[in-house]
Amino acid sequence: MSNTWSWVFGILTAAAAALGVIFFAATQQVSGRDWIVLGIGGLIGATVAALVATFVFHSDARKNRLASAAATAAARTESDLKRLDEESHARTESEREAATAEQSRLDRAALAEVALIEKRTALLQALPTRAERLAELREEITQSQINIIEADGNYKSGMISARDAAAHRFLDIAHEREAAANTWKVAKVGFEEKLSALETERDRLARLTDEQYLAEQRRLRGLD
């Protein structure tokens, strides 16, 4: 209740008290000091009535202010709760998306790891055993020995043919045959070097166990 309404009710109360005094005076025999007493009593009554009215309406105004403040606080609390709920929902959604992304990354990493393991397993299975490699070396050694014999035979026959051509004064042919024979001589040297390396490798593998050979192959191919 505003101050304006307090004044209005106060004036109305005072007017009612004044009318009461006038009515009393009009209906009763009043003289002398009675008027003073009556006036003082009327003023006191009007003042008390005004104070009571002011107190009542101020109390009502206070209740209204408290109710308004409570409604405002409730609205603010509801707004804060709504904001907190939205923030919580957004945070939960963000955490869910982050967890989904992390799980997806872990799944991709796991698939890549599985693929790598499968590839390594396939490579290990494709590695020749020590026995298979020794068999290959024996075949290569045999072929190298054959190549050496053939190269030596071609060299010797070429030189004989070159000397025969030179004996018959076919010098150009003799030079050509000698050059061809020397080519076989060089080839023979290469075959002999290859044979020596193959025999060395064969002897080395013969001293290894199957497990040692497999470990060596895995290390050489980066499969450890």
By residue number, the members of region 150-167 that are within 8 Å of Lys188 (Cα to Cα) and not charged (D, E, K, R) are Ala151
Failed item in (1) in contact with a helix residue (DSSP H, G or I) (Cβ under 6 Å, 6 or more places away or on another chain); (2) surrounded by fewer than 13 Cβ atoms within 10 Å (Cβ to Cβ); (3) aliphatic (A, V, I, L, M), with Ala181 passing the rest: (2)
If we ask which residues in region 119-145 are assigned to a helix (DSSP H, G or I), at pLDDT below 95 and of a type in the set (Val, Ile, Thr), their number turns out to be 1
Can you say whether Arg169 is of a type in the set (Lys, Arg), surrounded by 12 or more Cβ atoms within 10 Å (Cβ to Cβ) and either at pLDDT below 95 or assigned to a helix (DSSP H, G or I) (or both), as far as the supplied structure shows? no
Which ones in region 152-201 are of a type in the set (Val, Ile, Thr) and within 30 Å of Glu136 (Cβ to Cβ)? Thr183, Val186, Val189, Thr200
If I ask for residues that are of a type outside the set (Gly, Ala, Ser) and either in contact with a helix residue (DSSP H, G or I) (Cβ under 6 Å, 6 or more places away or on another chain) or surrounded by fewer than 13 Cβ atoms within 10 Å (Cβ to Cβ) (or both), which ones from region 202-220 would you list? Arg202, Asp203, Arg204, Leu205, Arg207, Thr209, Asp210, Glu211, Gln212, Tyr213, Arg219, Leu220
Which residue, of Leu223, Leu198, Leu214, is under 23 Å from Thr129 (Cβ atoms), assigned to a helix (DSSP H, G or I), at pLDDT below 95 and under 60 Å from the mean Cα position of the chain (by Cα)? Leu214
Just give me the residues in region 134-166 being small (Gly, Ala, Ser) and surrounded by 17 or more Cβ atoms within 10 Å (Cβ to Cβ), in sequence order. Ser144, Ala151, Gly158, Ser161, Ala162, Ala165
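The values are calculated or read from the model by the stated rules, or taken from the named source; none is laboratory data. It should be emphasised that the depicted structure is a prediction, and the values quoted were computed from it without experimental measurement. All Cβ positions, even for glycine, are placed from backbone atoms using ideal geometry, and neighbour counts span all protein chains on display.
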